[in-house]
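Working notes, structure below.
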Amino acid sequence: MSDYRIAVIPGDGIGPEIMDEALRTLEKAGSVFGHSFSFTKLLMGGAAYDAVGTCFPEQTVPVCRSHDAVLLGAVGGPKWDALPGPERPEKALLKIREGLGLYANLRPAIMHKALAGACPIKPENVGDSMDLLIVRELTGGIYFGEHGWRDGKFGPEAYDVERYSETEIRRIAHVAFKAAMARKKSLVSVDKANVLETSRLWRRVVSEVSAEYPEVSLSHMYVDNAAMQLVYRPGQFDVILTSNMFGDILSDEASMITGSLGMLPSASLSDGSFGLYEPSHGSAPDIAGKGIANPIATILSASMMLRYSLSLAKEADAIDYAVESVLNSGMRTADIAEPGTSAISTAAMGEAIRARL
Ligand code: NAD
């Protein structure tokens, strides 16, 4: 029997509600497959600010590092919106990514057949199915470049600097090519090489790395075209590789095509098997405490953790299958229910998934 140690950051808003369902699902999977999970809960974000006066307590990174992987709910909310930028809960997200060296963000966007009705795109343009993976660079680019204010020619001005090194591009390109090898061997690298120097470097390095993966067909696409193609014919994509800011925007766009943010998991990986797993959505303060949030994105994030950090593919498959089976049975939380149909609670959705494990 293996024992896995997981650092758990429930966070704010719906974070604790959806995390509860994910942890109970892991425990159930553990009992079925003969593993045990021990969970160490940590405060981060608004909850940490209220408890200890900072959104990012000093011990966050060392405690996370001493575990096999990290599961995160979501942080932030209107209660903390007035805090100065560097103290805000969202800043804690950037700090934990940087502190744990989580440079590769993997966001699958899968349209489950049972939810095809929620897809805003014409069925003939989606194709048989939509199952794409966005590989986003997470610790470089404009979000981590120099930021500031200064006096400019026309008065006060602000600036944010986009910067990428060859090394940062090369290591994320390898992650994307490896992911493509395990899928349909098709990779689209998205940049803005007609305007940006960083994108020209990006394109050159990705092309160089492609020589090591001759089986993968690589194409390059400008980000404006990629944004358009995603809503025009999303079924054409398998793996998309892109920079931090472009990935932030395109992955939210892709998520809407699947019908609900509440369905989409994500993994943020460093070198080796360590990673942080979280739903793609935020803390949804508008529905927090009502027991109606969709826990599926967090449960599927736990499944990604089993697959990528703990090498428990069979167990991850079982959770993914249980989710699919619940959706096929017609059960829906409010965010994915057709208008006029009834919806089940967060806890009932978690219970239904566990019952199928
Ligand atoms: P959001 O993702 O929290 O919510 C957008 C909409 O989607 C809302 O209507 C919400 O009710 C709905 N939604 C989201 N998750 C859902 C779920 N699991 N089930 C059902 N409905 C769901 O985005 P927002 O409103 O822009 O941000 C709210 C807060 O979350 C902000 O403070 C923001 O900074 C923070 N945020 C945190 C993260 C993170 O922790 N990784 C990511 C994005 C936003």
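Report, by chain and number, residues whose modeled amide H sits under 5 Å from the one on residue 312, excluding near sequence neighbours (fewer than 5 apart, same chain).
Amide H neighbours of residue 312: 307.
Going by amide H atoms built from the backbone, whose H comes under 5 Å of the H on residue 109, apart from near neighbours?
132, 133, 134
Quote the FRET efficiency, to the nearest 0.05, computed for residue 61 versus residue 171 with a Förster distance R0 of 22 Å and r equal to the Cβ-Cβ distance. Before the final figure, lay out the partial values.
Working: r = 20 Å, r/R0 = 0.91.
After rounding to 0.05, the efficiency reads 0.65.
Number of Lys-Lys pairs in the chain under 25 Å by Cα, sequence gap 8 or more or different chains?
20
Rounded to the nearest 5, what % of DSSP beta bridges with both residues in the range 1-137 are antiparallel? All intermediate terms of the calculation are to be shown ahead of the outcome.
On the way: 7 of 19 bridges.
So the antiparallel bridges in the range 1-137 amount to around 35 percent.
Pop out the ³J(HN,Hα) list for the range 216-229 in order, Karplus 6.51 cos²θ - 1.76 cosθ + 1.60 with θ = phi - 60°, rounded to Hz; leave Gly and Pro as x.
Coupling constants for the range 216-229: 8, 8, 10, 9, 10, 9, 6, 4, 5, 5, 4, 4, 6, 4 Hz.
Per residue of the range 49-59, what does 6.51 cos²θ - 1.76 cosθ + 1.60 with θ = phi - 60° give for ³J(HN,Hα)? Whole Hz please, x for Gly and Pro, Karplus curve as stated.
Couplings: 4, 5, 7, 10, x, 8, 6, 9, x, 3, 7 Hz.
Which residue fluctuates most in the GNM of the chain (Cα springs below 10 Å): 290, 153, 122?
Judging by the Gaussian network model, the answer is 153.
Which of these, 43, 83, 264, has the largest mean-square fluctuation under a Gaussian network model of the chain (Cα springs below 10 Å)?
Fluctuation is largest for 83.
In whole Å, what is the distance between the alpha-carbon centres of the range 140-163 and the range 90-117?
About 26 Å separates the Cα centre of the range 140-163 from the one of the range 90-117.
If one computes the Cα centroid of the range 275-349 and of the range 226-260, what distance in Å separates the two points?
20
Can you tell me how much longer the chain between residue 163 and residue 208 gets when fully stretched, taken as 0.36 nm per residue apart minus their C-alpha distance, in nm with one decimal? Each step should come with its number before you reach the end.
On the way: separation 45, 0.36 × 45 = 16.20 nm, distance 1.93 nm.
Contour length minus the Cα-Cα distance gives 14.3 nm.
Just subtract the alpha-carbon distance of residue 290 and residue 338 from 0.36 nm times their residue separation and send over the number in nm, one decimal.
Numbers: separation 48, 0.36 × 48 = 17.28 nm, distance 1.95 nm.
Contour length minus the Cα-Cα distance gives 15.3 nm.
Provide the percentage of antiparallel DSSP beta bridges, counting only those with both residues in the chain; round to the nearest 5. Show your work: numbers first, answer last.
Numbers: 21 of 49 bridges.
Around 45 percent of the beta bridges assigned by DSSP in the chain are antiparallel ones.
Convert 25 °C to kelvin, take the viscosity as 0.890 mPa s, use the Kirkwood radius over C-alpha pairs of the range 159-287 as Rh, and evaluate the Stokes-Einstein diffusion coefficient in µm²/s, rounded to a whole number.
Numbers: Rh = 15.8 Å.
Diffusion coefficient, whole number: 156 µm²/s.
At 7 Å along Cα-to-Cβ for each site, give me the label-to-label distance between residue 33 and residue 195 in nm.
A separation of 4.4 nm, rounded to one decimal place.
I need two numbers for the chain: Rg to one decimal and Dmax as a whole number, Cα atoms only, in Å.
20.2, 67
Quick one: which residues, 5+ away or cross-chain, put their amide H under 5 Å from the amide H of residue 241? H built at 1.01 Å from N.
Placed amide hydrogens put 135, 188, 189, 190 under 5 Å from residue 241.
Which FRET efficiency value, to the nearest 0.05, is calculated for residue 186 and residue 345 with the Förster distance at 56 angstrom and r the Cβ-Cβ distance? Write down the numbers at each step before the final one.
Numbers: r = 40 Å, r/R0 = 0.71.
Working from the Cβ atoms, E equals 0.90.
Among 84, 123, 156, which one moves the most in a GNM of the chain with springs linking Cα atoms closer than 10 Å?
156
In square nanometres, what is the average projected area of the Cα convex hull of the range 70-137?
If I average the Cα hull's projected area over directions, I get 7.1 nm².
The numbers here are math on the coordinates, done by the rules we state, and not lab data. Everything quoted here is computed from the prediction, not taken from an experiment. All Cβ positions, even for glycine, are placed from backbone atoms using ideal geometry, and neighbour counts span all protein chains on display.
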